[in-house]
Amino acid sequence: MIELKNVTLTIDNREILKNVSLSINKGTSTVILGPSGAGKSTILKAILGLIEINSGEVLINGANIFSLKNDELLRIRRKIAMVFQANALFDSLNVEDNVAYFLAYNSKLTSKQIKDRVDEVLSFVNLEGTQDLFPDQLSGGMKKRLAIARALATDPEIILFDEPTTGLDPINSKAVLDLINRLKAAGTTSVIVTHILNDAISIGDVLTVINDGQIVASGSVKEMLQSKNKFVKDFFYEIFQDITLIQTT
Amino acid sequence: MKPQRFNSFKNFLLHVHDFSSLLVEIIKNLPTVRKNHKETLKEMYVIGTQALLLAMLGGLFSGVILAIESGHSVEQFGATMLISRTVSLGIIRELGPAVCGLLLASRTGAKNTSEIGAMQLSEQIDALKAYGINPVEKLVVPRVVAAVLMFMPLTLIADATGIIGGMFVTTSTFHVDLVYFWTTAIKVLKFKDLFVGTLKPIFFSFFIGALSCYFGLNTKGSTTNLGKNAISSVVISAVTVLILDFVFTKVIWEIM
Ligand SMILES: Nc1ncnc2c1ncn2[C@@H]1O[C@H](COP(=O)(O)OP(=O)(O)O)[C@@H](O)[C@H]1O
Ligand SMILES: [Mg+2]
């Protein structure tokens, strides 16, 4: 349902994305894995149409987002939500208004319906009772869960996660990964960008490895572990170390 | 990240181009201010509460200084009767709008740039765009409109405190009659003076609002760049106020 075809992006004479092709199927969770600076966030921004690419196509449900009229693009964008790496919470609004923000924008919902939906998604991410707090009163893990709640509020078909566990402690990371797995069980399509190998393995149906703006390899966890590609092998070396460790003890 | 300074002429032209596009978009989106009246009222309230005292102080001291300086230079010719004229015209036409403009450029300019810049760095602007909300409509237009609506009354208040300050000096130090001071101060003002005095703040505030939002939206990379952009915003807004002031004075003298 999301397809990138030969996407190329150059900024200031530097190739940020080189001929990137990628397809993401409905109901799956795809992990884009790579070192920092590889172009992972840029791919997400291209999917949202936040940056203009130099060549290639970004298709969502078969429609090229760069050739759509404004209102059609809007309709498609509303099916996609993004959880930003820095959370992008509105710091002048409280938790409830943050979640309600996009829900209330141009919608025909009554304020009762909005409030009920806000309560529902807050309880899904285990943030009941925080409605009146402000983002700077929340811990890092709570902020991330709030950002996920805000993304869920509009009931999107696709959710993009940019480094959802970066900077979180193991307990909070696990809570976020569990949330992503519960969303997958509910049929949501997710694209997760990360440089953390363990996370990628625990949530990804498909792993796509990217380095220096180029897709290096793509496939299931098992296929990646069997890959002969030098970069993939280097990237997965921790896992091989762990496996060797387990085998020798 | 490359440094966000005007490090070359080409860079400068690029900024001019981008800023012009922002101006066009602001003007195109002006009608959306009704839809976003809540944001606009909030910004008006913030400007009003935070800049009122500043405007009054700026106006007051401008009037006092103008009266002292002009008083001492005309005193030796026994022409202290002229002080009220100078104070009134000088404040309404020049000092009121210019001093207020410079104060607003720093107070409101720094506030807008740092607020919008922080939103840019924490990806809040991207979040708005991703949902199809135009940040110019939601963030820039309310701030520009609020500045334009609030700045004219603030300038008039600064003018009033300035003339009152001038009055105290003129009547106490130079012993000019109070009634004489007020009758000349008011009589000397022509339509042209009041027109220039109220038109200036409208233009100043429009550019201050737009420039400060431009520098905020242009914040990329790190918090260091946010600091740099806040400085650029204040400096360039202040210089713009001075240039616009000159252009106004020149053009008005030519055509009216
Ligand atoms: N707006 C931009 N201007 C210039 N360079 C950029 C911009 N956005 C990203 N880049 C560069 O593109 C590369 C990829 O960035 P990004 O997608 O953020 O990497 P990742 O998310 O994988 O860490 C980086 O080298 C970054 O410096
Ligand atoms: Mg990134």
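Determine whether residue A:91 is more than 23 Å from residue A:180 (Cα to Cα), at the interface with chain B (Cβ under 10 Å from one of its Cβ atoms), in contact (Cβ under 8 Å) with a residue 24 or more places away in the chain and part of a loop (DSSP other than H, G, I, E, B).
For residue A:91, the condition - more than 23 Å from residue A:180 (Cα to Cα), at the interface with chain B (Cβ under 10 Å from one of its Cβ atoms), in contact (Cβ under 8 Å) with a residue 24 or more places away in the chain and part of a loop (DSSP other than H, G, I, E, B) - is met.
Determine if segment B:139-159 includes at least one residue that is surrounded by fewer than 24 Cβ atoms within 10 Å (Cβ to Cβ), free of Cβ contacts under 8 Å to residues at least 40 places away in the same chain and more than 17 Å from the chain's Cα centre (by Cα). Within segment B:139-159 (the criterion being surrounded by fewer than 24 Cβ atoms within 10 Å (Cβ to Cβ), free of Cβ contacts under 8 Å to residues at least 40 places away in the same chain and more than 17 Å from the chain's Cα centre (by Cα)), the answer is no, since none of the residues qualifies.
Taking segment A:177-203 as the range and being buried (at least 20 other Cβ atoms within 10 Å of the Cβ) and either within 16 Å of ligand 1 (Cβ to nearest atom) or within 14 Å of chain B (Cβ to nearest Cβ) (or both) as the test, the residues that pass are A:191, A:192, A:193, A:194, A:199, A:200.
On the given criteria, is residue A:32 touching a Leu at 6+ places or on another chain (Cβ under 6 Å) and either assigned to a strand (DSSP E or B) or more than 8 Å from ligand 1 (Cβ to nearest atom) (or both)? Reasoning before the result, please.
Working: touching a Leu at 6+ places or on another chain (Cβ under 6 Å): no; either assigned to a strand (DSSP E or B) or more than 8 Å from ligand 1 (Cβ to nearest atom) (or both): yes.
No; evaluated as a whole, the condition is false for this residue.
Can residue B:10 be described as out of contact with any Ser or Thr (no Cβ under 7 Å at 6 or more places or on another chain), farther than 26 Å from residue B:243 by Cα and open to solvent by 30 Å² or more (accessible area, probe 1.4 Å)? It would help to see each step written out before you state the result.
Working: out of contact with any Ser or Thr (no Cβ under 7 Å at 6 or more places or on another chain): yes; farther than 26 Å from residue B:243 by Cα: no; open to solvent by 30 Å² or more (accessible area, probe 1.4 Å): yes.
No: the conditions fail for residue B:10.
What tally of residues in segment A:24-40 results from selecting those that are within 14 Å of ligand 2 (Cβ to nearest atom) and either free of Cβ contacts under 8 Å to residues at least 60 places away in the same chain or surrounded by fewer than 21 Cβ atoms within 10 Å (Cβ to Cβ) (or both)? The total comes to 3. Taking segment A:234-245 as the range and being modelled with pLDDT under 75 and open to solvent by 100 Å² or more (accessible area, probe 1.4 Å) as the test, the residues that pass are A:241, A:245.
Tell me the residue from A:72, A:52, A:57 that is more than 10 Å from chain B (Cβ to nearest Cβ), out of contact with any Pro (no Cβ under 6 Å at 6 or more places or on another chain) and either under 23 Å from residue B:117 (Cβ atoms) or within 15 Å of ligand 1 (Cβ to nearest atom) (or both), please. It is A:52.
For segment A:9-42, the tally of residues that are within 14 Å of chain B (Cβ to nearest Cβ) and of a type in the set (A, V, I, L, M, F, W, C) stands at 2. Checking the stated criteria, residue A:96 turns out not to satisfy the condition of being in a loop (DSSP other than H, G, I, E, B), out of contact with any strand residue (DSSP E or B) (no Cβ under 8 Å at 6 or more places or on another chain) and of a type in the set (D, E, K, R).
The values are calculated or read from the model by the stated rules, or taken from the named source; none is laboratory data. Remember, it's a predicted structure, so these values are computed and weren't measured experimentally. Every residue, glycine among them, receives a Cβ derived from its backbone with ideal geometry; neighbour counts consider all protein chains shown. Heads up: the accessible areas ignore ligands, DNA and RNA and are worked out on the full protein's heavy atoms, side chains in. Shrake-Rupley method; radii C 1.70, N 1.55, O 1.52, S 1.80 Å.
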